[in-house]
Amino acid sequence: MVGGSELRAITLNNAIIEHTPHESFLFAERNIPERLEKLLDPKVKLYKNLFAPNEEAIEALYGLDCLLIVNSDMKSACLSDYWRGLSEQHSTEIDLRRIKQMVFLFNFLVSPARHLYTIERYCKNIKIITTNRKFFDEITSQDRYELARHFPRMILESPINPNLYTTEKTESTAIRIGCHSKTPDFKWNEDWPKLIVKCKERLKDKIEFDFMGMSSKRAAEVKKTGIPLIIRKENEISVKEFLTGIDIFTFYPSASREEPWARCNGEAMASACPILTIPKGGNLDQVINGNNGYLCKKTDDFFKRIVELVEHPEKIKMMAENSLRLSRNFTSEKVINRFLEFINA
């Protein structure tokens, strides 16, 4: 586990323990947050600070049948120098010739994949996983990947454990619109205040807004509208509990943001919510326009679709059911078994 995407790494480890007869190990480049460590299945062997050096962890590394590098979005992790202790990150040497198979999962950027040929000199069995179709096709179409194009690769969604969510909704006389996400400003479009005002002027008491994790900047702007709504801190309540109070999940990040595969969308789908989001990155793989939600290019599109769904609530029910059906394609069990098929092929 290098850099971020800790939750994805933990979910993959847990899925191996729960759904397969195999052993699973988690190696952290440094440390992991205590909150996330508590989510790790106790049967998973955790090694922190791999390059401390941690001799026990390094020996365990050599005994693996496959090493999956989660969040190899940083260029250095795709260079042999990083593993050989010749980079600025650390000076601990890993004998790449002793690692049987290395699979690199590109979660936010795929461009570092073009450097994997430097590792191939030592470890011959290298594979690539991308989180969406765009990344997968980029390796095929762009000349800069010429030295990486021959590596086997597949598209694999972030695993969502359906047992952690529920399709039940709390009772409400209003249709509830909302989103949970991380707090950076780019996760929350600057037009959220405008969208809220337009929707309230048109739909009045038919709707309510509920947000969790909204950036402080955007939250301050939203509060200035004077419209009553709920704004919660990140992780103030569980995602499961939050989504029981959401009827339409609206993930509207900054226009410049390209989410490779939005976990918040996946969780909302598993909780039977229609999804409204922008037509960029992995959203195109998660939302079938007009089926389990809508892809909206601008604020007016979000407004139009919210009005349509509120005034035709039968569409909310239909799209919610379709979201739930689609979410079954990326349950932790299905994702981990597809992963195992890929590495054993």
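The values are calculated or read from the model by the stated rules, or taken from the named source; none is laboratory data. Computed from a predicted structure; not experimentally measured. Because the Cβ atoms are built from the backbone with ideal geometry, glycine has one as well, and the counts that use them run over all protein chains shown.
Just a few scattered comments:
- In region 8-35, residue surrounded by the most Cβ atoms within 10 Å (Cβ to Cβ) [restricted to those that are among the acidic types (D, E) and assigned to a helix (DSSP H, G or I)]: E18
- Selection from region 172-207 of residues that are under 29 Å from the mean Cα position of the chain (by Cα) and charged (D, E, K, R): R176, K182, D185, K187, E190, D191, K194
- E168 vs. criteria at pLDDT 95 or above, charged (D, E, K, R) and not assigned by TED's automatic domain parsing to the domain that holds A219: no
A quick yes/no check of all residues on (1) over 20 Å from Q286 (Cα atoms); (2) outside the structural domain of A270 (by TED's automatic domain parsing):
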{"position": "I139", "(1), (2)": "yes, yes"}
{"position": "R149", "(1), (2)": "yes, yes"}
{"position": "I177", "(1), (2)": "no, no"}
{"position": "K187", "(1), (2)": "no, no"}
{"position": "S216", "(1), (2)": "yes, no"}
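- Taken together, the criteria exclude E88 from residues that are touching a residue at least 60 places away in the same chain (Cβ under 8 Å), part of a loop (DSSP other than H, G, I, E, B) and among the charged types (D, E, K, R).
- Among the helices (runs of 4 or more DSSP H) confined to region 195-309, the ones with at least 2 residues that are of a type in the set (D, E, K, R) are located at 216-223, 239-243, 263-270.
- Conditions (1) closer than 19 Å to R305 by Cβ; (2) not hydroxyl-bearing (S, T, Y); (3) not in a loop (DSSP other than H, G, I, E, B): number failed by N189: (3)
- Of all residues in region 221-255 being of a type in the set (G, A, S) and free of Cβ contacts under 8 Å to residues at least 60 places away in the same chain, the one that is surrounded by the fewest Cβ atoms within 10 Å (Cβ to Cβ): G226
- In region 48-68, the residues that are at pLDDT 95 or above and farther than 17 Å from E93 by Cβ: G63, L64, D65, C66, L68
- For P42: the one exception among (1) in a loop (DSSP other than H, G, I, E, B); (2) modelled with pLDDT under 95; (3) of a type outside the set (A, V, I, L, M); (4) farther than 19 Å from Y122 by Cβ: (2)
- The residues of region 38-65 that are over 24 Å from L340 (Cα atoms) and surrounded by 12 or more Cβ atoms within 10 Å (Cβ to Cβ), listed by number, are K48, N49, L50, F51, A52, P53, N54.
- Search result, residues across region 287-306 that are among the small types (G, A, S) and either crowded, with 17+ Cβ neighbours inside 10 Å or not assigned by TED's automatic domain parsing to the domain that holds C199 (or both): G293
- Residue within region 276-283 that is buried (at least 18 other Cβ atoms within 10 Å of the Cβ), farther than 23 Å from D73 by Cβ and out of contact with any Lys or Arg (no Cβ under 9 Å at 6 or more places or on another chain) present: no
- Beta carbons closer than 7 Å, at least 6 apart along the sequence or on distinct chains, pair a first residue in region 273-286 that is within 17 Å of T131 (Cβ to Cβ) with a second that is of a type in the set (D, E) and surrounded by fewer than 24 Cβ atoms within 10 Å (Cβ to Cβ) for K280/E258; G281/E258; G281/E259; G282/E259; N283/E259.
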